[in-house]
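For reference, the structure discussed in these notes is given below.
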Amino acid sequence: MKLEAVELIRLNVPLKSAFRTSEGSVSIHEVVWTHVITDVGEGWAECAANGLPDYSSEYHDAAADVLKRFFIPELMKLGDDLTAELVGPTLHWAKGHRMAKAAMETALLDAQLRHANQSFASYLGATRQRVPAGVSVGIMDSIEELLSFVSGYLADGYLRIKLKIEPGWDYEPVKLVRDTFGDDLLLQVDANTAYTRDDFDLLKRLDEFNLLLIEQPLNEEDILGHVKLSQYVSTPICLDESIVSAESARDAIELGATSIINIKPSRVGGYLEAVKIHDVAQKCGIPVWCGGMLETGIGRAANLALAALPNFTLPGDTSASARYFSADTTEPFVLRDGHIDVPTGPGIGVDPIPEVVDRFAVSREWIKR
């Protein structure tokens, strides 16, 4: 196919409530969409970069810039030979910028699969028609507020609760959630790199709560620290920010730094690399689950397709649209019996709702041949 034009759409989508992690708090999901026009049809994708370079070095202003200045012109040079599978090899010369690369690969794959009348799920190798849903609970202003939110999510039917933690908000909130909702609750925590090697004793205290995992407790570059921590605590260590490719996943597994992996397609450069990580982990007997970046329906649809692959054996952060948004940018994803249906239509299987996009769009820019 040939890439004719790309529309970069900047949106500010209000969250139902502020979402706080150890990295900061957000009340508006600031996002960049890539809308590609090809000679075989159009495709959509969501760039997951945050407004600030806090989760990673990427942020949405930089993502939009590198797309306009380098990636889109480079892909247009391929002419009729362009395929989604060529995005990674073509842009390999550019260091980093995985979220921007993922946005282009995903949008082109959406267009390619819509033209072929094939769903994302079928293309990636999904084996399920719906996936179990967990929910991520941010750091709260009080224990009472935390318990109220957790109670509400369990009443909604979510099958797993993930608590964001940081120094000073860890042992007590986890203990109270466990004591309040019982030992049968699937419970895990996510530190977003908030701890250091000096905190091993503190993290070991969490062993008493029979958690599914501790996610990314240390700096993403401290692989040896995670190896040492894995040997010190009994709770499984899960890596998120540290895993940026199939190679890094293989190394972390072989070194004993992780026994579970959170796969976020945007973080690793796209869904094709995400499938490679899934396969590496599956071969090594390491379970994976699908993380989230507060995606609107455009990003959530593709994540659900990935989460339906066979080695995604733990509930992911593929929550319903209503978890974050009063109005999603696509038809909302709905939680039923603790699960969310995987889209079956061509491509990502959903389309933007024009009037909602118009309401939240703050800028739209075309890059043409």
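Bear in mind that the values in this text are calculations on the coordinates, not laboratory data. None of the values given here were measured: they were computed from a predicted structure. FYI the Cβ positions are ideal-geometry reconstructions off the backbone, even for glycines, and counts take in every protein chain you see.
Cα to Cα, under 21 Å, and not fewer than 8 places away if on the same chain: which lysines meet these conditions relative to Lys16?
Cross-link targets: Lys162, Lys164.
If you fit an axis through the alpha-carbon atoms of helix 98-116 and take the longest principal axis of the Cα set of the chain, what angle between them do you get, 0 to 90°, nearest 10?
Here the helix axis deviates by roughly 60 degrees.
Taking 25 Å as R0, compute the FRET efficiency from the Cβ-Cβ separation of Thr196 and Ala18 and round it to 0.05.
For R0 = 25 Å, the calculated efficiency reads 0.40.
Work out the length of the dipole vector of region 129-263 about its Cα centre, built from +1 on the beta-carbon of each Lys and Arg and -1 on the beta-carbon of each Asp and Glu, and round it to the nearest 20 debye.
Here the size comes out at about 400 debye.
Hey, what angle do you get for helix 223-232 against the long axis of the chain, alpha-carbon based, 0 to 90 degrees rounded to 10?
Approximately 30 degrees, to the nearest ten.
Report the label-to-label distance for Trp93 and Thr313 in nanometres (one decimal), using points 7 Å from each Cα along the Cα→Cβ vector.
4.3
Enumerate by residue number the chymotrypsin sites (Phe, Trp or Tyr not before Pro) in region 43-127 meeting two conditions: DSSP loop (anything except H, G, I, E, B), and at most 13 other Cβ atoms within 10 Å of the site's Cβ.
Those that pass, being in a loop and sparsely packed, are Trp93.
For Asn210, what charge total do you get from the other residues with a beta carbon under 11 Å from its beta carbon, if Lys and Arg give +1 and Asp and Glu give -1?
Cβ neighbours under 11 Å give a net charge of -3.
Mind checking the full-extension length gain between Tyr232 and Thr127? Use 0.36 nm per residue of separation minus the Cα-Cα distance, one decimal, nm.
34.2 nm
Any idea how far apart Val40 and Glu247 come out in nm if each label point goes 7 Å out from Cα toward Cβ?
Going from the Val40 label point to the Glu247 one covers 3.0 nm.
By how many degrees, between 0 and 90 and to the nearest 10, does the Cα long axis of helix 246-255 differ from the longest principal axis of the chain?
Taking the Cα atoms of the chain, the angle to 246-255 is about 20 degrees.
So, R0 is 51 Å and r is the distance between the beta-carbons of Asp279 and Glu144; what FRET efficiency does that work out to, to 0.05?
The calculated FRET efficiency here is 0.70.
Sum -39500 (n - 2.57) across every DSSP H segment of at least 4 residues in the chain, then divide by the residue count to get the 222 nm mean residue ellipticity, nearest 500.
-9500 deg cm²/dmol
Given the convex hull over the Cα atoms of region 122-341, what projected area results after averaging over all orientations, in nm²?
That works out to 11.4 nm².
State the extension gain, in nm to one decimal, for the chain segment bounded by Asp179 and Ser57, taking 0.36 nm per residue of separation less the distance between their alpha-carbons.
That works out to 40.1 nm of additional length.
Quick one: which residues, 5+ away or cross-chain, put their amide H under 5 Å from the amide H of His29? H built at 1.01 Å from N.
Residues meeting the amide H criterion: Val13, Leu15.
When ranked by the protection proxy of mean other Cβ atoms within 10 Å per residue, highest first, what sequence do the peptides 149-157, 29-37, 309-317 form?
29-37, 309-317, 149-157
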